[in-house]
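See structure below.
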Amino acid sequence: MDKAPFHHQRLQNRSLFRSPLPKLVLWSILFIVILFLFFHFSPTSQSSSSSSRIDRRSLRTSAAWGGAAWEKRVRSSARIRSSHNHHGISVLVTGAAGFVGSHCSIALKRRGDGVLGLDNFNDYYEPSLKRARQAMLERAGIFIVDGDVNDAHLLRKLFDVVPFTHVLHLAAQAGVRYAMKNPSSYVHSNVAGLVSLFEAAKSATPQPAVVWASSSSVYGLNKKVPFSEVDRTDRPASLYAATKKAGEEIAHVYNHIYGLSITGLRFFTVYGPWGRPDMAYFFFTRDMLRGKSISVFEGPDHSTVARDFTYIDDIVSGCLGALDTTEKSTGTGGKKRGSAQLRVFNLGNTSPLPVSQLVGILERLLKVKADKKIIKMPRNGDVQYTHANISHAQAQLGYQPTTDLETGLKKFVKWYLQYYDPSSSLSKKGRSGGGGSSSFL
Ligand SMILES: NC(=O)c1ccc[n+]([C@@H]2O[C@H](COP(=O)([O-])OP(=O)(O)OC[C@H]3O[C@@H](n4cnc5c(N)ncnc54)[C@H](O)[C@@H]3O)[C@@H](O)[C@H]2O)c1
Ligand SMILES: *[C@@H]1O[C@H](CO)[C@@H](O)[C@H](O)[C@H]1NC(C)=O
């Protein structure tokens with residue numbers, strides 16, 4: 001940049017400085033310019049402009065909703081199939097194109113409940129997998145509305161069209177380490193999105209009961225095992241965990257002020273068919289089949305990292321158990337009429353296993369020797385050990401996990417090979433093998 005003109009200007013203006021008033025004016029102008037520059041380039045204004053960019057991008061898809069045909073699809077998807085042995089419920093499932101959401105939606109529909117899905121199909125992981133789950137739900141008669149939970153108009157419309165008895169709120173930004181790359185996506189979906197959902201639910205007539213996914217990560221640096229619901233949850237180790245903990249506090253507010261019936265479920269490392277590609281069991285499988293090395297974390301002093309791996313079908317029964325035991329919300333027209341139910345439950349398997357054992361099982365199932373790189377677990381959000389005390393869920397929800405890791409992973413691997421590599425020798429017995437599966441990914 002050429003500084004000469006400015007310098008020249010200053011020399012010319014030197015005579016002005018002899019009187020104090022123009023000097024004051026000049027300094028004031030300079031001050032205003034600095035203020036302007038500060039607010040224009042400050043980190044807060046940048047993050048707010050980037051989050052409004054997220055809003056626009058992710059809310060854009062929902063422009064397509066509305067109209068008579070659309071409403072008809074919504075109603076028909078949410079309609080309860082009456083049967084003599086099951087008193088059906090009508091559920092709005094957010095995050096329905098996600099891992100847990102797709103399984104829960106199918107299970108509800110299968111027993112005759114009305115289900116309407118909502119998902120923004122974001123690209124945190126391969127959207128094609130979300131679309132494939134959507135196609136599966138479509139075949140079961142479930143419509144997933146393409147939209148964001150932050151879209152208040154859309155939510156109001158949905159509650160206008162269908163008097164949902166329940167909301168199963170699973171839409172969220174998941175993943176622990178990604179929070180360092182894209183922190184605002186956690187605030188957008190897990191904090192703002194949750195508030196938007198509760199706002200719509202409390203204003204709806206009738207108010208639905210809400211069951212939503214918190215996370216075992218709220219236990220953070222807690223050392224006492226197994227983790228019980230009454231244990232401390234005020235030391236989160238990741239932004240993800242902090243937003244889930246914030247969600248539990250926000251739930252308390254909406255229960256307290258508006259009489260919303262709310263149940264939070266702290267899931268422990270859920271795995272299974274149609275799972276999430278960002279989770280270790282999933283990308284270990286992918287990398288092992290491709291002959292790539294895998295990084296296995298260890299704790300301080302070569303201690304093991306362990307997880308209370310919980311099979312998806314067990315989580316689904318927990319979610320349905322939670323939905324079936326909700327009491328009604330007590331408010332109407334956005335006003336509280338009496339106290340309402342507020343619960344939180346661990347949903348885990350109660351048998352933590354070291355990650356090395358997970359790898360061992362995968363080696364047997366895939367018939368591949370893993371090229372393991374043992375690395376120190378970075379301090380960026382993951383905790384070393386999780387173990388759920390599920391006695392509360394057992395007593396209140398009739399929750400009883402039945403699938404061990406070996407059995408569950410067998411089902412996952414079977415699905416994986418069929419989904420990514422339908423011609424694999426491992427997935428179809430009797431077919432002569434065409435080498436590894438790596439070429440199909
Ligand atoms: N899978 C686990 O091990 C685990 C453990 C603890 C908690 N949870 C929680 O369980 C819930 C479901 O997890 P999952 O494993 O199925 O994850 P997932 O990412 O597969 O599903 C979440 C879905 O929500 C959608 N979504 C995200 N933000 C949205 C928004 N703003 N508006 C609309 N849709 C949005 C995504 O597109 C995705 O399809 C999440 O709340 C997650 O935090 C999962
Ligand atoms: C599990 O939690 C219950 C309370 O829900 C408690 O009574 C019990 O002692 C806990 N069990 C263990 C092993 O900590």
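Using Cα pairs under 8 angstrom and six or more residues apart, how large is the relative contact order of region 179-266, in percent?
Details: 106 pairs, mean separation 34.4, N = 88.
Once normalised by length, the contact order is 39 percent.
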Whose amide H sits under 5 Å from the amide H of F227, counting only residues 5 or more places off or on another chain, with H placed in the peptide plane? H387, A388, N389
If you keep only loop residues by DSSP, which trypsin sites (Lys or Arg not before Pro) in region 365-395 have at most 16 other Cβ atoms within 10 Å of their Cβ? K367, K369, R379
Could you pull out every residue, at least 5 positions away or on a different chain, whose amide H is within less than 5 Å of the one on F309? Hs are placed 1.01 Å off N in the peptide plane, and Pro or chain starts have none. L353
How much FRET efficiency would the formula 1/(1 + (r/R0)^6) give for Q418 and N380, where r is the Cβ-Cβ distance and R0 is 25 Å, rounded to 0.05? 0.15
Using the Cα centre of region 226-367 as the reference point, and only Cβ charges (+1 on K/R, -1 on D/E), how large is the resulting charge dipole? Debye, rounded to the nearest 20. 420 debye
With charges only on Cβ, +1 for K and R and -1 for D and E, what is the dipole size of region 73-175 about its Cα centre, in debye, rounded to 20? 520 debye
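Provide the packing ranking of 151-157, 68-74, i.e. peptides ordered by the mean count of other C-beta atoms within 10 Å per residue, highest first.
Ranking the peptides 151-157, 68-74 by packing returns 151-157, 68-74.
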Compute the distance in nm between two label points, each set 7 Å from the Cα along the Cα-to-Cβ direction, one at A107 and one at D231. 2.3 nm
Highest first, please rank the peptides 89-101, 233-245 by the mean number of other Cβ atoms sitting within 10 Å of their residues. 89-101, 233-245
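Return the subset of K130/K157; K109/K245; K109/K328; K292/K410; K72/K414; K72/K411 for which the Cα-Cα distance in this structure is over 27 Å, preserving the input order.
On the way: K130/K157 24 Å; K109/K245 30 Å; K109/K328 21 Å; K292/K410 21 Å; K72/K414 37 Å; K72/K411 36 Å.
Among K130/K157; K109/K245; K109/K328; K292/K410; K72/K414; K72/K411, the Cα-Cα distance tops 27 Å for K109/K245; K72/K414; K72/K411.
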Net charge within 12 Å of L362 by Cβ-Cβ distance, Lys/Arg positive one each and Asp/Glu negative one each, not counting L362 itself? +3
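Each reported figure results from applying straightforward, stated rules to the coordinates on display, with no laboratory input. Keep in mind that what you see is a predicted model, and the values were worked out from it rather than measured. Ideal geometry is used to build each Cβ from the backbone, glycine not excepted, and the neighbour counts take in all protein chains shown.
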